[in-house]
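S.K.: Got a structure here, written out as structure tokens. Questions coming.
The values are calculated or read from the model by the stated rules, or taken from the named source; none is laboratory data. Fair warning: this is a prediction, and the values are worked out from it, not measured in the lab. We place every Cβ from the backbone using ideal geometry, glycine too, and count neighbours over all the protein chains shown.
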Amino acid sequence: MNTLEIRDLQVRVADEEETGILKGANLVIRAGEIHALMGPNGSGKSTLSYALMGHPRYVVTGGDILLNGESILGLAPDERARRGLFLAMQYPVAISGVTLYSFLRAAVSARRGYGQRAHESDGEHRRSPLIPGREFRQEVRAEMAKLEMDRTFLRRYLNEGFSGGEKKRAEILQLALLKPEFAILDETDSGLDIDALRIVAASVNRLQRELNMGLLIITHYQRILNYIHPDFVHIFYEGQIVKSDGAKLAKKLEAEGYDWVREQFV
Ligand SMILES: Nc1ncnc2c1ncn2[C@@H]1O[C@H](COP(=O)(O)OP(=O)(O)OP(=O)(O)O)[C@@H](O)[C@H]1O
Ligand SMILES: [Mg+2]
């Protein structure tokens, strides 16, 4: 069975004097499981998501990350993505000059192995580097329709001038096309209006079922968990998971905040 395992992960930020941000995080996500990760601002949730994806500024100083039993610490972010790991970022970056369409087409082509050498009976030859435009356009339009995204976004530069909610929807469009085995959604709910949250959640649920995807949903609010039902809820505090339980833990946090967590762990 596919698993994503975070083992005693310790991470610090490159060029920063301060001590580590992640101080021994442990978590196992199996295929098909939905995990919610909640925790106060600055506790290290996004740091965890960057470290999982291989962001170069987040230096792993101890522990390991295993994808299907194999360490991925030595892999670049694009190699991790090719192996089926995906991150919807809390703050998606804009890239001027690169249209959403060409960005998606390049990413999907890489994930599906276009451009790699293929062995044929008549010798080795290079496959086309990109998924055929016609085929891809059809696919991307179908996914955009499900997300109720206007097609004109394809011609715009990646995230440039996108509203907060539009950026989050574009992240989920990537998820739908890249079809990962494990996806981390870092505050995808923040910035979405009430209708958009429902639409995005429906897409995430559908994909999760179709792909039997393992999900890590980072959020501050119970609301998204009304739509995407977590099997486990974890509290992240000062660089590690300090408590795990079922969905009721999110309700307790919503009602009581984090004071009781702080009191327990000072
Ligand atoms: N690139 C960086 N440079 C300096 N400090 C950083 C960097 N990245 C993270 N930190 C620090 O590490 C701590 C954890 O940050 P992180 O973004 O992981 O928190 P978070 O749990 O995602 O918070 P939030 O709920 O506000 O999104 C914070 O104190 C933050 O300032
Ligand atoms: Mg964060």
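S.K.: Can you tell me how many residues in segment 218-257 are aromatic (Phe, Trp, Tyr), within 16 Å of ligand 2 (Cβ to nearest atom) and within 23 Å of Gly24 (Cβ to Cβ)?
M.R.: 2
S.K.: Kindly indicate whether any position in segment 119-132 is outside the structural domain of Leu225 (by TED's automatic domain parsing) and touching a helix residue (DSSP H, G or I) at 6+ places or on another chain (Cβ under 6 Å).
M.R.: yes
S.K.: Also, quick follow-up: Quick check on my filter: what residues within segment 144-155 are assigned to a helix (DSSP H, G or I) and free of Cβ contacts under 8 Å to residues at least 40 places away in the same chain?
M.R.: Correct list: Met144, Ala145, Arg151, Thr152.
S.K.: Same structure again: List every residue pair whose Cβ atoms lie under 7 Å apart, where the two residues are 6 or more positions apart in sequence or sit on different chains, the first residue falls within segment 27-55 and is within 25 Å of Arg209 (Cβ to Cβ), and the second residue, located anywhere, is in a helix (DSSP H, G or I).
M.R.: Ile34/Gln208; Ala36/Leu225; Ala36/Ala250; Leu37/Lys45; Met38/Ala250; Met38/Leu253; Met53/Pro77; Met53/Arg80
S.K.: Right, another one. How many of the residues making up segment 13-39 are of a type outside the set (A, V, I, L, M, F, W, C), in a loop (DSSP other than H, G, I, E, B) and surrounded by 15 or more Cβ atoms within 10 Å (Cβ to Cβ)?
M.R.: 4
S.K.: What's the total number of residues in segment 1-11 that are buried (at least 22 other Cβ atoms within 10 Å of the Cβ) and farther than 16 Å from Phe86 by Cα?
M.R.: Count: 2.
S.K.: Among the numbered criteria (1) surrounded by fewer than 21 Cβ atoms within 10 Å (Cβ to Cβ); (2) within 16 Å of ligand 2 (Cβ to nearest atom); (3) of a type in the set (A, V, I, L, M), which one does Leu178 miss?
M.R.: If we test Leu178 against (1) surrounded by fewer than 21 Cβ atoms within 10 Å (Cβ to Cβ); (2) within 16 Å of ligand 2 (Cβ to nearest atom); (3) of a type in the set (A, V, I, L, M), just (2) comes out false.
S.K.: So, one more: Which residue, of Leu37, Leu52, Leu100, Leu48, is within 14 Å of ligand 2 (Cβ to nearest atom), at negative phi and touching a Phe, Trp or Tyr at 6+ places or on another chain (Cβ under 6 Å)?
M.R.: Leu37
S.K.: What number of residues in segment 181-234 are crowded, with 24+ Cβ neighbours inside 10 Å and in a loop (DSSP other than H, G, I, E, B)?
M.R.: Qualifying residue count for the region: 1.
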